[in-house]
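Worksheet: the structure to be examined is printed underneath.
The values are calculated or read from the model by the stated rules, or taken from the named source; none is laboratory data. The structure displayed is predicted, hence computed values, not measured ones. Using ideal geometry, Cβ is built from the backbone for each residue, glycine included, and neighbour counts are taken over all protein chains shown. Just the protein is used for accessible areas: all its heavy atoms, side chains included, with ligands, DNA and RNA removed. Shrake-Rupley method; radii C 1.70, N 1.55, O 1.52, S 1.80 Å.
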There are 2 protein chains.
Amino acid sequence: MSRVFNDEPYVAPAVRQRVLDAAKTLGYRRNNAARALASGRTHTIGVVTLGTAGYGPASLLVSIERAVRDAGYALRLVSTLDADPAGIAGGVQSLLEQGVDGIVISEPIDEGAASVGVDVPVLFLGAPPAFTAAQTLTAGTGAVLLARAATDHLLDLGHTTVHHIAGPQRWYAARERLAGWRQALEERGRGTPPVSYGDWSAASGYAAGRELARDSGVTAVFAAGDEMAIGLIRALLEAGRRVPEDVSVIGFDDMPVAAYVTPPLTTVRQPFEAAAREGLKLLVRAIEEPDVDIPPAADPPVDVVARASTAPPPARPQYLDST
Amino acid sequence: MSRVFNDEPYVAPAVRQRVLDAAKTLGYRRNNAARALASGRTHTIGVVTLGTAGYGPASLLVSIERAVRDAGYALRLVSTLDADPAGIAGGVQSLLEQGVDGIVISEPIDEGAASVGVDVPVLFLGAPPAFTAAQTLTAGTGAVLLARAATDHLLDLGHTTVHHIAGPQRWYAARERLAGWRQALEERGRGTPPVSYGDWSAASGYAAGRELARDSGVTAVFAAGDEMAIGLIRALLEAGRRVPEDVSVIGFDDMPVAAYVTPPLTTVRQPFEAAAREGLKLLVRAIEEPDVDIPPAADPPVDVVARASTAPPPARPQYLDST
DNA sequence: ATGAAAGCGCTAACAC
DNA sequence: GTGTTAGCGCTTTCAT
């Protein structure tokens with residue numbers, strides 16, 4: 001009887017035991033499809049993610065999986081090949097058909113809102129709501145704060161300015177980091193030098209680095225991702241500029257190899273775990289108590305990991321400076 | 001009417017159109033739970049994966065997701081916190097309850113078989129079957145061959161022997177690489193030097209590297225993973241041994257940053273995409289044609305990516321060698 | 001070629 | 001507290 005399996009009250013221990021025994025001997029396994037059909041609830045959360053194995057997205061996914069499981073839900077996954085509104089709308093659509101009680105959009109893209117008729121709550125992780133649903137929640141990784149902290153770290157070391165290699169601007173995450181960098185600079189009344197743009201890859205960091213290496217006025221660079229930072233460092237080294245003696249580099253993510261590249265990379269750690277956990281808490285509340293209003297999650301703490309790729313600027317007489 | 005949505009024959013175009021129109025205006029969305037309940041098929045494949053964001057597992061997952069989607073199935077995901085037989089049995093169990101038509105075990109652990117009553121076909125990706133199910137399939141990445149190729153690359157360069165930093169031996173993948181390394185050495189009648197063991201992390205590669213750096217007889221090392229290779233190189237560099245002039249290092253995986261670390265890492269590329277695609281083809285066949293027998297997938301091609309971390313051994317007079 | 005009807009295995013609501 | 005029953009929205013089979 002269902003009352004036993006659903007842990008409902010008012011069941012005599014004797015009866016419960018009898019049912020359990022029978023179930024075991026019969027090899028009974030509850031059928032979720034029937035449950036879902038009868039109750040209208042699937043106990044499943046759908047996740048729309050990016051189809052890439054990058055460290056950031058992959059870590060977030062792992063954290064989400066854990067959070068979903070801890071919340072007692074099962075997980076359906078769809079990933080979008082191309083991170084455009086149509087793609088994510090398609091993903092949401094397919095999740096809805098499969099049947100989910102809530103959706104997590106872990107695809108920090110934000111260009112034009114895709115509209116779908118969504119009747120379950122949706123959590124946007126690391127991006128503002130891109131469409132409206134029954135209820136939209138948000139939780140972030142505090143990227144603006146982290147980017148400010150990264151820039152401040154370099155400024156505090158004595159650099160007069162900090163250059164930035166940004167991520168692709170259709171990524172909300174990239175724009176947040178850019179904003180944080182700009183804030184830090186403006187707060188101290190420094191102008192913002194021209195920005196280089198990459199696509200998160202080490203190759204793009206390398207390309208940007210070749211340009212930057214030519215400008216001897218560059219003494220500090222904040223790369224919006226560790227991979228780009230690693231590519232950047234390689235370009236700098238090849239151009240004969242030492243890191244950190246001539247140029248300081250700070251990354252973003254703290255991927256596992258960051259501590260072991262040469263030189264070990266200073267970076268800021270992304271609080272994936274915390275963001276996923278907080279976000280899911282909201283989502284589950286929205287699912288289980290549809291009425292209450294839910295505030296956005298607070299930003300997680302900032303964690304700058306200082307290693308060997310950053311140092312004070314070279315003491316260099318003014319008249320030696322080019323441009 | 002269901003005949004329309006299931007693309008069945010014998011439906012007059014007029015009727016089909018009428019139904020489609022009605023569905024659209026009513027905002028009809030088909031309910032999968034009901035479908036599953038009535039048909040006994042969920043059109044969903046369950047994946048058991050490792051709860052880590054490492055490049056290898058993450059890439060495999062991405063490839064699996066794509067293959068599952070291309071096959072027209074939805075995807076349920078469970079990950080195991082701890083990669084032990086009980087964990088994977090639990091994952092399988094929960095997938096079975098949720099309802100899946102087939103299961104992919106992407107958890108290349110192999111220590112003791114966990115037994116569960118599994119009545120759907122199971123694909124073991126990168127590992128031999130760890131338990132018996134209705135039907136078990138396997139597909140691999142050809143790790144033995146890849147490891148042999150990596151070792152041969154070093155031997156062909158003129159190194160008299162090749163040291164190995166292996167992964168944790170409860171990973172089948174780690175044992176395969178070890179076997180490939182050994183094969184290559186024995187094939188040329190070379191003995192196998194003592195093996196160092198790591199845990200895939202750069203930190204463990206670094207630790208192993210500190211030992212290896214002490215032995216001046218070490219001129220070539222094959223690390224079972226790129227991250228370990230990166231840690232190893234760092235340890236070598238810190239010990240004053242140049243790479244590749246004094247010691248050559250080859251990794252395994254070809255993670256995206258490998259080309260940009262210093263020196264750029266020679267490595268072998270893992271054919272995740274191909275393995276996932278081939279494996280899923282088998283799984284889908286097993287689901288849709290339960291009777292036919294299915295052979296294991298063929299190993300994908302080998303791809304050694306030669307970069308700057310490998311070179312011929314230093315020409316060094318015999319009498320300068322310490323043991 | 002198409003309508004009608006009987007379940008699939010559960011939950012929820014109702015009796016007792 | 002516990003047994004009973006009517007659907008949930010489909011697929012499948014049987015009539016037509």
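Observations
- Centroid-to-centroid separation of the stretch A:252-297 and the stretch B:225-249 [C-alpha atoms, Å]: 33 Å
- Ligands, DNA and RNA aside, A:Y172 has an accessible area near 60 Å² when probed at 1.4 Å.
- Chain B: most fluctuating residue of B:L265, B:L157, B:L95 per GNM, C-alpha cutoff 10 Å: B:L157
- Dipole size of chain B about its Cα centre, with +1 on Lys/Arg Cβ and -1 on Asp/Glu Cβ: approximately 780 debye, rounded to the nearest 20.
- Selection from B:V249, A:A202, A:A239, by position along the positive dipole direction of the protein assembly as shown (Cβ): A:A202
- Between A:I109 and A:Y172, the built amide H atoms are under 5 Å apart, and every one of these is 5 or more places off in sequence or on another chain.
- The local environment of B:R269, defined by Cβ-Cβ distances under 12 Å, has a net charge of -4 under the rule Lys, Arg +1 and Asp, Glu -1.
- Counted by Cβ distance under 11 Å from A:A235, the other residues give a net charge of +2, where Lys and Arg count +1 and Asp and Glu count -1.
- Of all DSSP bridge pairs formed entirely within the protein assembly as shown, close to 10 percent run antiparallel.
- Ranking B:T192, B:T49 from most to least accessible surface, computed with a 1.4 Å probe over the protein chains only, gives B:T192, B:T49.
- Charge dipole of the protein assembly as shown (Cα centre as origin; +1 on each Lys and Arg Cβ, -1 on each Asp and Glu Cβ, all else neutral): 460 debye, rounded to the nearest 20.
- Computed from protein heavy atoms with a 1.4 Å probe, the total accessible area buried between B and A is close to 4100 Å².
- Other protein chain Cβ atoms within 10 Å, averaged over every residue that makes up A:76-83: 4
- The DSSP beta bridges internal to chain A are antiparallel in roughly 10% of cases.
- Residue-level accessible surface for A:D84, protein heavy atoms, 1.4 Å, Å²: 50 Å²
- Helical mean residue ellipticity (222 nm; -39500 (n - 2.57) per DSSP H run of 4+; nearest 500) of the protein assembly as shown: -12500 deg cm²/dmol
- Exam field: B:D293 pseudo-label spacings to other copies (7 Å along Cα-Cβ), nanometres: 6.8
- Shielding by partners, peptide A:273-285 (average Cβ within 10 angstrom, other chains): 0
- Per residue, chain A exposes an accessible area of 42 Å² to a 1.4 Å probe, with every protein chain left in place.
- Overall form of the protein assembly as shown per C-alpha gyration tensor (a/c, 1.5; a/b vs b/c): oblate
- Across the protein chains, with a 1.4 Å probe defining accessible surface, the residues B:H164, A:H43 rank A:H43, B:H164 from largest area downward.
- Residue separation of A:A38 and A:D156 scaled by 0.36 nm, minus their Cα-Cα distance, works out to 36.4 nm of gained length.
- Accessible area (Å², 1.4 Å probe, nearest 10) - A:V195: 40 Å²
- Near A:Q135, the amide H atoms lying under 5 Å from its own belong to A:V122; only residues 5 or more places off or on other chains count, and H is placed 1.01 Å from N.
- Protein accessible area in the stretch B:143-270, 1.4 Å probe - carbon and sulfur %: 50 percent
- Residue order by solvent-accessible surface for A:E278, A:E211 is A:E211, A:E278, largest first, with ligands and nucleic acids left out and a 1.4 Å probe.
- Among A:A74, A:A130, A:A286, the largest mean-square fluctuation in a Gaussian network model of chain A (Cα springs under 10 Å) belongs to A:A74.
- Remark: mean inter-chain Cβ contacts per residue of A:193-204 equal 1, using a 10 Å Cβ-Cβ cutoff to other protein chain atoms.
- Taking the Cα centre of the stretch A:143-270 as reference, the dipole from Cβ charges on Lys and Arg (+1) and Asp and Glu (-1) amounts to some 200 debye.
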